[in-house]
Amino acid sequence: MKTSLLALAAGLICAATSPSASAEEKAAPVQRADTPRKPDTSFSVGEIVVTARGMAGSTDNVLTSVDRLGGDVAQNADVDNVYELISRMPGILLTDFNQGTTNGKFSMRGFNGEGNINAVKLLIDGIPSNSNDGNMPYIDMIFPLNIASIEVVRGTSDPRYGLHAIAGSANILTRSGGTFVDARASAGSYNTYEGQLVAGLERGALTQNYQIAYRASDGYRDHGDTHRFSLSGKWGLVLGENVRLGAIARYYDADAEEPGYLTFADSRADPRMTNAYNVSDGDTRKMQQYAVTADATVSDDLDWSSMAYYNRLRDDRYVKYSVGASQQRRLTEEDHYGVSSALHWHSALSGMPFMLEAGGNIEWQDNRSARWLSVERVPTSQTREQQFDLSVGGVYLQAIIEPADWLRITPAYRVDWVGGNFSNLLNDTAAPINDYGSIDQPKLSVAVFPADGVTLYGNWGKTFQIGLGSGAYLIPPRQVDLAPSINEGWELGAKYRLGETLEARVAYWQQSATGEIARKLNDPLGDFENVGGTDRKGIDLQMSFKPVEKLSLWGALSWQKALISVPSPATPELAGNELNHTPRWLWSGGIEYVPVEPLTVSLTGRGQSSYYLTTANAEGKWGDLAVFDASIAWRMNETVELGLAVKNLGDSYYEYVWWDGAQTLHSPANGRNVTASARLRF
């Protein structure tokens, strides 16, 4: 297995290519004369600016449900964190802990955002951006003004990514190229202040893009102060007509207090309160991200794309969950680096358009997880000192065949390998990685074009899950290597588009897993539990409608169900129970109206049904919500735009709820709040 990983690494480094530049600007043309007809399986919220790009590693080659959020929506958004933006997209479940830097994440396709099973591969400009446990801390590095678009790919048929891509992936694309200065300042409820500055400078073959942003807030709840600072640079160099080199650097620093979780009684009596025992809870988080890229059009028929990257996470958190629990200090130190590649050949066989893409990626991780019991930030005893390295690499091959102008077939195959070692420094023991072997993931997608504006599509594929943290290693008393959990999913969908007036999509999907595992979130060793076999299924409906130039409407409704089909032998009574924190219904929508040319008025909303707190389904159902936001933007001239936003317009009470083994614990979300903003463009 180690030999396989070393061979894979050598091949990738020599190739120095990347499948991750799916929405970056490229020097290569978008489509050649013999390119297969492009199917339309995507759904868009906001304006998507299409730029020329090469074919290697492009999402255009994936036949599954794809959703995109435009930069026009993102850049004027008033949000606490960027993951809130993604909740505007269809079928996205937003989990908001509202606990300082441990704020939340998004999930989809019947998976929750609790942190014990993380099923979405996060990328930022194509850079893999999950932490070891699959969480998404790096998303906080991005501020809205610097977003060009957000792209979400759902399901199991995309071969480009392996680790964490159980249910799909999300790629946040930042702004590239151009000569401009764009600044936005805002102030609002809870003494919230934010400043963002994004600048671009393009001279000949060289492009430069920079972002600096700062946000400070007292928070809705007591003991909720946060301070966040982000700095980034992005550089591009075009050599000739067909080669583009790039570099990315990001730095992030945050300090935040944590208001803690409330009992049911306290959450209803005073949702803004904090507990006396949470007075010293809080977190300091520092992150860095660096990447170099190379993209080339080798010939009219051959595209090549490359990336090498490095991520650093340092997180130091003090947290006390309830009055009877001890405060913990949780220290996380992670260094991840990797390379990725894609080579895309485009031709025609006997007059039939044909594409072949070969790619792969490998990631090395050096991780430390340490914990102490503490009192008012004074450690009293250490409960964890783990050092573990992890390497995960995979290669894939994908063909795109169009035997007729109404048919596209996309078979693909991906194989991943895993390596690594674990050390428990508290008792001086070590353990090897589970011998997962080669993880094979066949995939197949088909699209049919029966009429103009209509795409019928279907796909099938497999993805995988391995243990996270210490759960990936053969630690006693475990004596037998664990097999990876294999997710097998399929989807049937239909998309209709009528010019710029109407866009609609419907999809039915299913996804089943063997031997699904979940992290024990508060376990001293960071171990896992066997959930068993699971079944997930759902229906996604989306539509956008623009009846006249000044009015646009969009909406999405998703039904999903996630069950334990084959329970762990230790818990046979859970057969047929629903998985925790997975609501049956999700909806989102919005209206935008321009009554007079300088003025834009919008109303957006999102909601979900209630969910069970554990797989026992015995603690009642919680967490339903319906929240609406309104905003007004006044474009005074080409330079100045003023805005006013009211979030949680109806001042609805909603919350995140979990079960600590004895009681429900509650984290109330923000009440009605107002933000005023000014944006300057030069």
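The values are calculated or read from the model by the stated rules, or taken from the named source; none is laboratory data. Here the structure is a predicted model, which is why all the values come from computation and not from measurement. Every residue, glycine among them, receives a Cβ derived from its backbone with ideal geometry; neighbour counts consider all protein chains shown. Just so you know, the surface numbers come from the protein's heavy atoms only, side chains and all, with ligands and any DNA or RNA stripped out. Shrake-Rupley method; radii C 1.70, N 1.55, O 1.52, S 1.80 Å.
Residue by residue through the range 312-325, what is 3J(HN,Hα) from phi via Karplus (6.51 cos²θ - 1.76 cosθ + 1.60, θ = phi - 60°)? Round to whole Hz and write x for glycine and proline.
10, 10, 10, 9, 10, 10, 10, 8, 10, 7, 7, 4, x, 8
Could you go through the range 205-210 in sequence order and give the Karplus-derived ³J(HN,Hα) for each residue, using 6.51 cos²θ - 1.76 cosθ + 1.60 with θ = phi - 60°, rounded to whole Hz, and x for Gly and Pro?
8, 10, 10, 9, 9, 9
Considering only protein heavy atoms and a probe of 1.4 Å, how much of the accessible area of the range 444-529 is carbon and sulfur, as a whole percent?
Of the solvent-accessible surface of the range 444-529, carbon and sulfur hold 63 percent.
Can you give me the P(r) profile for the range 256-311? Cα pairs, bins 5 angstrom wide beginning at 0, each as a whole percent.
4, 13, 13, 9, 8, 6, 6, 6, 7, 8, 7, 6, 5, 1
Between beta-carbons, use under 13 Å as the cut-off and find the net charge around Asn530, counting Lys and Arg +1, Asp and Glu -1.
0
Just the Kirkwood number for the range 273-403, please: inverse of mean 1/r across all distinct Cα pairs, in Å, one decimal.
That comes to 18.8 Å for the range 273-403.
Express the accessible area of the range 547-682 per residue in Å², computed with a 1.4 Å probe while the remaining protein chains stay in the model.
About 47 Å² of surface per residue is accessible.
Where a Cα-Cα gap under 25 Å defines reach, which lysines qualify for Lys105, not counting those fewer than 8 residues away within the same chain?
Lys121, Lys286, Lys320, Lys462, Lys520, Lys537, Lys561, Lys621, Lys647
Using the per-residue mean of other Cβ atoms lying within 10 Å as a proxy for protection, in what order, highest first, do the peptides 473-482, 427-436 fall?
427-436, 473-482
Using the Karplus curve 6.51 cos²θ - 1.76 cosθ + 1.60 with θ = phi - 60°, work out ³J(HN,Hα) for each residue of the range 251-258 in order, rounded to whole Hz, and write x for Gly and Pro.
Each residue of the range 251-258 in turn: 9, 9, 9, 9, 10, 8, 8, 10 Hz.
When only C-alpha pairs under 8 Å and at least 6 residues apart count, what is the relative contact order of the chain, in percent?
Taking the mean separation of contacting Cα pairs over the length of the chain, I get 13 percent.
Among 58-66, 331-339, 204-212, how do they line up by average Cβ neighbours within 10 Å per residue, starting with the highest?
58-66, 331-339, 204-212
Count charges around Val395 for me, please; just the other residues with Cβ under 12 Å from its Cβ, Lys/Arg as +1, Asp/Glu as -1.
Neighbour charge sum, excluding Val395 itself: -1.
Which of (i) 1.02; (ii) 0.96; (iii) 0.94 is the computed Rg/Rh (Cα atoms, Kirkwood Rh) for the structure on display?
Derived directly from the coordinates: (iii).
What number, rounded to the nearest 500 deg cm²/dmol, is the helix-based mean residue ellipticity at 222 nm of the chain, given -39500 (n - 2.57) per DSSP H run of at least four residues and division by all its residues?
Theoretical 222 nm ellipticity from helices: -1000 deg cm²/dmol.
Amide H neighbours of Phe43 under 5 Å, at least 5 residues apart or on other chains, H built in the peptide plane: list them.
Excluding prolines and chain starts, which carry no amide H, the hits are Val66, Asp67, Arg68.
Can you tell me the accessible area per residue over the range 278-371, all protein chains present, probe 1.4 angstrom, in square angstrom?
Accessible area per residue: 35 Å².
Of the heavy-atom accessible surface of the range 246-357 (probe 1.4 angstrom), what whole percent is carbon and sulfur?
On the range 246-357, the fraction of accessible area on carbon and sulfur atoms equals 57 percent.
Just order 349-355, 533-539, 104-110 by mean Cβ neighbour count inside 10 Å, highest at the front, would you?
Put in order of decreasing packing, that is 104-110, 533-539, 349-355.
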